1. Output the residues belonging to region 146-157 that are crowded, with 19+ Cβ neighbours inside 10 Å and not in a strand (DSSP E or B).
2. Would you mind telling me which numbered condition in (1) in contact (Cβ under 8 Å) with a residue 40 or more places away in the chain; (2) touching a Gly at 6+ places or on another chain (Cβ under 9 Å); (3) more than 17 Å from residue 10 (Cα to Cα) residue 142 fails?
3. What is the residue count in region 122-144 for residues that are small (Gly, Ala, Ser) and surrounded by fewer than 17 Cβ atoms within 10 Å (Cβ to Cβ)?
4. Just need a number here: residues in region 107-128 that are more than 17 Å from residue 148 (Cα to Cα) and either of a type outside the set (A, V, I, L, M, F, W, C) or at pLDDT 95 or above (or both).
5. Which ones in region 119-145 are closer than 14 Å to residue 65 by Cβ and part of a loop (DSSP other than H, G, I, E, B)?
6. Restricting attention to region 91-121, and to residues there that are among the small types (Gly, Ala, Ser) and buried (at least 16 other Cβ atoms within 10 Å of the Cβ), which single residue is farthest from residue 13 (Cα to Cα)?
Amino acid sequence: MAGPVGNLAAGKPAIQSSTLFNAGFEAALAVDGRRYPMQNAAPSLRSCSHTLSDGTGDDAPFWEVNLNATYKITSVSFLGRQECCGERNSGLNITVAESSAGPYTLCYYYPLGPGFVNEMKTFHCTQPLTGRLVRISRAVDVLNPCEIEVYGYPLNTIQQ
């Protein structure tokens, strides 16, 4: 196994369970490599993804990145918005899977309670997990990350 590498998620394909206003706050904004925590910025500066709000059809929001290769995942960092909404950054389930069929294994649970605003929090997996998909989900409304970074070790050098 090789040594640790930089942010595995930057520029990788991402999806989310829904998108606010059907456009403008896509999942890819959270892996654009920009640590810019302003959602309410000009479209060219916007760097936060956003699922639908409570009561609008997404009561179990998730955000997921496909790393395009299998890694031993050790930690996930989450940048919260600068201007508001820290409560959206609690009750986070961070899971890892080999495929979308699962199973998704818990890396870390960040409990409900005080959220965080304008801060990059790093969550270390309770143990390194092997997978290519990293998912962040909540059992309550809205996910709104401004940047997600994934760290770990490559298992091989073949990118698929």
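The values are calculated or read from the model by the stated rules, or taken from the named source; none is laboratory data. Everything quoted here is computed from the prediction, not taken from an experiment. Heads up, the Cβs are rebuilt from the backbone with ideal geometry, glycines too, and the neighbour counts pull from every protein chain shown.
1. The one that is crowded, with 19+ Cβ neighbours inside 10 Å and not in a strand (DSSP E or B): 146.
2. Residue 142 satisfies every listed condition except (2).
3. The initial filter retains those residues of region 122-144 that are small (Gly, Ala, Ser), namely 131, 137, 139.
Filter once more, keeping what is surrounded by fewer than 17 Cβ atoms within 10 Å (Cβ to Cβ): 139.
Of the residues in region 122-144, 1 are small (Gly, Ala, Ser) and surrounded by fewer than 17 Cβ atoms within 10 Å (Cβ to Cβ).
4. The first filter runs over region 107-128 and keeps only residues more than 17 Å from residue 148 (Cα to Cα), leaving 111-114, 126-128.
Then drop every residue that is not either of a type outside the set (A, V, I, L, M, F, W, C) or at pLDDT 95 or above (or both), which leaves 111, 113-114, 126-128.
Count: 6.
5. Residues satisfying the conditions are 143, 145.
6. 115
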